[in-house]
Amino acid sequence: MVDELTDVLISKHHPMDKLLRQDRLPHIWCSGCGLGTVLTCFVSALEKLDLDMDQVVVVSGIGCTGRAAGYLNLDGFHTTHGRAIPFATGLKLGNPELKVVVISGDGDLMAIGGNHFIHAARRNMDLTVICVNNFNYGMTSGQLAPTTPTNARTSTSPYGNAEHPFNVPYLAAATGATYVARWTVLHVRRLERSIIEAMNKRGFSVVEVISPCPTYYGRWNKMGSALEQMKYYHDKSTIRHWSDPAQADIGLEGQIIVGRFVDIDKPTFCDLLQGADQ
Amino acid sequence: MGRRRVSNNGILQGSFFMDGDTACAEGAICAGCRFFGGYPITPATEIAERMARRLPQVGGTYIQMEDEIASISAVLGASWAGTRAMTATSGPGFSLMMENLGLGIITETPCVLVNVQRGGPSTGMPTLVGQGDMMQARWGSHGPYETIALSPGSPQELFDLTIRAFNLAEKYRTPVLVMTDEAVGHMTERVVIPPLEEIEYYARRKPQVPPNGYLPYRPDPDGVPPMACAGEGYRIHVTGLTHNEKGYPDTVSVETQQKLVERLIRKIRANQDDIIELREDQVEEADVVVVAYGISARTAARPVRMAREMGLKVGLLKLVTVWPFAEERIRELAPKVEGFVVPEINMGQIAQEVERCAGGQAQTILVPHAGGGLHHPNDVLEAIKRVTSPQSTSAETSP
Amino acid sequence: MKLWRKPLDQDRVVVPRGEIHLIVERCKGCQLCATYCPRDVLEMSSLFNTRGYHPPQVRNARRCLVCGLCTMLCPEFAIYVEEVGHDQ
């Protein structure tokens, strides 16, 4: 029946498959979820990076984004909730040759793992963190996250969120990250470029990706279809490179400031450790 | 400081006067530990301090993490990077580590976790001794599993058992707990560090097949799978979810869960003859056997001697390995003895195990201590006398 | 393409032509590819894959310039473009 698709060549394999665990596809993420696109951008960035893929390790926590490590044909670790960063810290210090990337969600990294995030940033641990922010806990059916905008509804804020959310780039910059960027999933080229820059950066680099969760957050906040939600984030985005991340708060409505906010050089934890040993 | 020699590789050798915590750190270094992630906590801080000073001298890495949860997570990560890794803590930190201890167990990550026990619950008595975490060591993380816990009673034993803990961790691919206590950790005594070549070193079992034929969780006949680490080209996937032999999550299959959990438990239980270490003193001919571990085994020596001087036939069974529990040995002794006396610095934990294994064939008398000090010899002696006096028949394990 | 003047380098510019490949069973019908194709090459079909989603199909094959946006946007690794020659 699919043979009837007009002008389409039916394939079994995708050019990116060599970096994917094909036997685990299709993945568990919902139709219209932005996570798959983040993974595509990550794989595309890997293809452009001059790295030995045997030395690239992906660590995830728990949640929808936490499943990312399991779809990549790399050494991958799916750890406990919130603990991806300290686990990654151990990997990096155990074998400094490894290129360690943490891919996890806003709930995992900012709530239960918030302390680890700020301390890894403070130490300038040589890690890249890709924080996919869909403003809620998607895996457990859409509860309040520390990134949920004020007044937004979730299953555990049915009357509207009474809290102020974390501004991820501001938090990362304030606590010492050497590279900070934010994009939405529709900024595929820019996101890919930021992932490349972040992975080439020595030190703690953070890329926040705004992603729709049409199944829960979108539905609770009447944002329409997945496509409409994605388009909404993209349309509301204003690229403002090198602007003050303190101004990059995300509200329930209003603009979303994206771009590269921080790109600085300073000694990493390993640099200082080696210096101290001598 | 006695005959001391620091070899070129930074490893100590000779006879030293050091406290238990320091001996623990030196044992770890001799065992090949090259990563320590920790967080200061009384009375385990000296282990972290010693490691912070010593690890850079032997090419290792010390990092003070932001809390104990981060510490154990970093230790697991370092182990997967191919390093021998450890952390050390006490009660409150041990509680924080429980979730990731479970991650270490299900992902079969070799590492060593030292708990220098103090008086609890909660912040309790930070500077004073306790043995209240023994059941937490066994059951503290959620879900069904089996664990290995060793209990040293002197600085020298803490040195020796830390080395053993690393070797057991590698051999059975599991976190191993060294359940020491404040009294041992802060006790300063002679510690002999043998030449490095005389120290046992169990190397990590590596896969013998190329990456495309490797199943990360397919066990060898003894139930332990060979371990490929990150960066070795095996492209492993490691998850805390229930997983199949490939390491892939399979969270809806009862069969996969059963197969995994059974193997995790079997690889310890089936090898318990190798894991369980007991020290027995006149147990065979005894009417009363004092079962103790850690510092309590040491303090039990005096009441045992006093009882023998009174003409009682008393043996001392020291549990060097507390978990897995020496079930077979207690079952074997139960019909031959009148009773077991279990002094421990808690309100009855291992005593319950002894009573369970005695199965009503011999009485079990707990000598509890709420913590903060050691048993008075008379308390243990009284319990021994109670077993042998005719009016006492029923088992008593509640305080 | 209709040009208001002849570009100076027109003889050197080649316009690549692409072919759309689809791994049908991976598609979850999110419509990203069809919506964001800058050349309107794709449209959603009315057919179902075995998982019950509508995969995309090609509306105007000749318009594809192999920009690769569909490949990058697809969350499912289900679509990609291959260059097959070019127009002068």
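The values are calculated or read from the model by the stated rules, or taken from the named source; none is laboratory data. As the structure is a prediction and not an experimental result, all values here were calculated from the model. A quick note on method: Cβ atoms are made from the backbone with ideal geometry, for glycine too, and the neighbour counts reach across all protein chains shown. Calculation scope for accessible area: heavy atoms of the full protein, side chains included, ligands and nucleic acids excluded. Shrake-Rupley method; radii C 1.70, N 1.55, O 1.52, S 1.80 Å.
A few points about this structure:
- In the range A:97-111, residue farthest from the other protein chains (Cβ to nearest Cβ) [restricted to those that are open to solvent by 40 Å² or more (accessible area, probe 1.4 Å) and in contact (Cβ under 8 Å) with a residue 40 or more places away in the chain]: A:LYS99
- Qualifying residue in the range B:251-269 (condition: open to solvent by less than 30 Å² (accessible area, probe 1.4 Å), within 14 Å of chain A (Cβ to nearest Cβ) and polar (S, T, N, Q)): no
- The residues of the range B:37-85 that are more than 7 Å from chain A (Cβ to nearest Cβ) and part of a loop (DSSP other than H, G, I, E, B), listed by number, are B:TYR39, B:PRO40, B:ILE41, B:THR42, B:PRO43, B:ALA44, B:GLY59, B:GLY60.
- Summed over the range A:17-41, residues that are more than 11 Å from chain C (Cβ to nearest Cβ) and surrounded by 24 or more Cβ atoms within 10 Å (Cβ to Cβ) total 0.
- If you filter the range C:55-67 down to residues that are at the interface with chain A (Cβ under 9 Å from one of its Cβ atoms) and under 8 Å from the mean Cα position of the chain (by Cα), you find that the one that is least open to solvent (accessible area, probe 1.4 Å) is C:VAL58.
- Flag if A:ASP75 is more than 10 Å from chain C (Cβ to nearest Cβ), crowded, with 24+ Cβ neighbours inside 10 Å and among the acidic types (Asp, Glu): yes
- Condition check for B:ILE350: more than 24 Å from B:ARG269 (Cβ to Cβ) and surrounded by 22 or more Cβ atoms within 10 Å (Cβ to Cβ): no
- The range A:38-75: number of residues that are in contact with a Lys or Arg (Cβ under 8 Å, 6 or more places away or on another chain) and without any contact (Cβ under 8 Å) to a residue 60 or more places away in the chain: 12
- Of all residues in the range A:78-92, those being open to solvent by less than 10 Å² (accessible area, probe 1.4 Å), over 17 Å from B:HIS243 (Cβ atoms) and within 7 Å of chain B (Cβ to nearest Cβ) number 5.
- Looking at the range B:208-306, the strands (runs of 3 or more DSSP E) lying wholly inside it that each contain 3 or more residues that are closer than 30 Å to B:ALA383 by Cβ sit at B:278-281, B:288-292.
A quick yes/no check of all residues on (1) out of contact with any helix residue (DSSP H, G or I) (no Cβ under 7 Å at 6 or more places or on another chain); (2) facing chain A (nearest Cβ under 7 Å); (3) open to solvent by less than 70 Å² (accessible area, probe 1.4 Å):
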| position | (1), (2), (3) |
| --- | --- |
| C:LEU22 | yes, yes, yes |
| C:CYS27 | yes, no, yes |
| C:CYS33 | no, no, yes |
| C:TYR36 | no, no, yes |
| C:GLU43 | no, no, yes |
| C:GLY52 | yes, no, yes |
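- Enumeration of residues in the range A:112-153 that are assigned to a loop (DSSP other than H, G, I, E, B), open to solvent by less than 30 Å² (accessible area, probe 1.4 Å) and either of a type in the set (D, E, K, R) or on the phi > 0 side of the Ramachandran plot (or both): A:ASN124, A:ASP126, A:PHE135, A:GLY142
- When B:GLU46 is tested against (1) closer than 26 Å to B:ILE199 by Cα; (2) of a type outside the set (A, V, I, L, M, F, W, C); (3) open to solvent by less than 20 Å² (accessible area, probe 1.4 Å), only condition (3) is not met.
- Residue that is farthest from A:ALA198 (Cα to Cα), among those in the range A:1-16 that are facing another protein chain (nearest Cβ under 7 Å) and either open to solvent by less than 40 Å² (accessible area, probe 1.4 Å) or part of a helix (DSSP H, G or I) (or both): A:GLU4
- Among residues of the range A:209-231, those that are within 13 Å of chain C (Cβ to nearest Cβ) and free of Cβ contacts under 8 Å to residues at least 24 places away in the same chain, counted: 3
- Filter result (in a loop (DSSP other than H, G, I, E, B) and closer than 14 Å to A:VAL129 by Cβ) within the range A:167-201: A:GLY176, A:ALA177, A:THR178, A:LYS201
- The set of residues from the range B:91-132 being more than 26 Å from B:ARG266 (Cα to Cα) and open to solvent by 40 Å² or more (accessible area, probe 1.4 Å) comprises B:PRO92, B:LEU96, B:GLY120, B:PRO121, B:SER122, B:THR123, B:GLY124, B:MET125, B:PRO126, B:THR127, B:LEU128.
- Filter pass, A:TRP242 being more than 16 Å from the chain's Cα centre (by Cα) and among the aromatic types (Phe, Trp, Tyr): yes
- Any pair with Cβ under 8 angstrom, 6 or more apart, that starts in the range B:169-187 at a residue that is closer than 14 Å to B:GLU108 by Cα and in a loop (DSSP other than H, G, I, E, B) and ends at one that is open to solvent by 10 Å² or more (accessible area, probe 1.4 Å) and of a type outside the set (A, V, I, L, M, F, W, C): B:ARG173/B:ARG205
- Count of the range B:205-242 residues which are within 7 Å of chain A (Cβ to nearest Cβ) and surrounded by 21 or more Cβ atoms within 10 Å (Cβ to Cβ): 8
- Residues within the range B:153-177 that are aliphatic (A, V, I, L, M) and in contact with a Cys (Cβ under 7 Å, 6 or more places away or on another chain), tallied: 3
- Test: residue in the range A:59-67 that is in contact with a His (Cβ under 6 Å, 6 or more places away or on another chain), open to solvent by 10 Å² or more (accessible area, probe 1.4 Å), more than 7 Å from every other protein chain (Cβ to nearest Cβ) and modelled with pLDDT of 95 or more: yes
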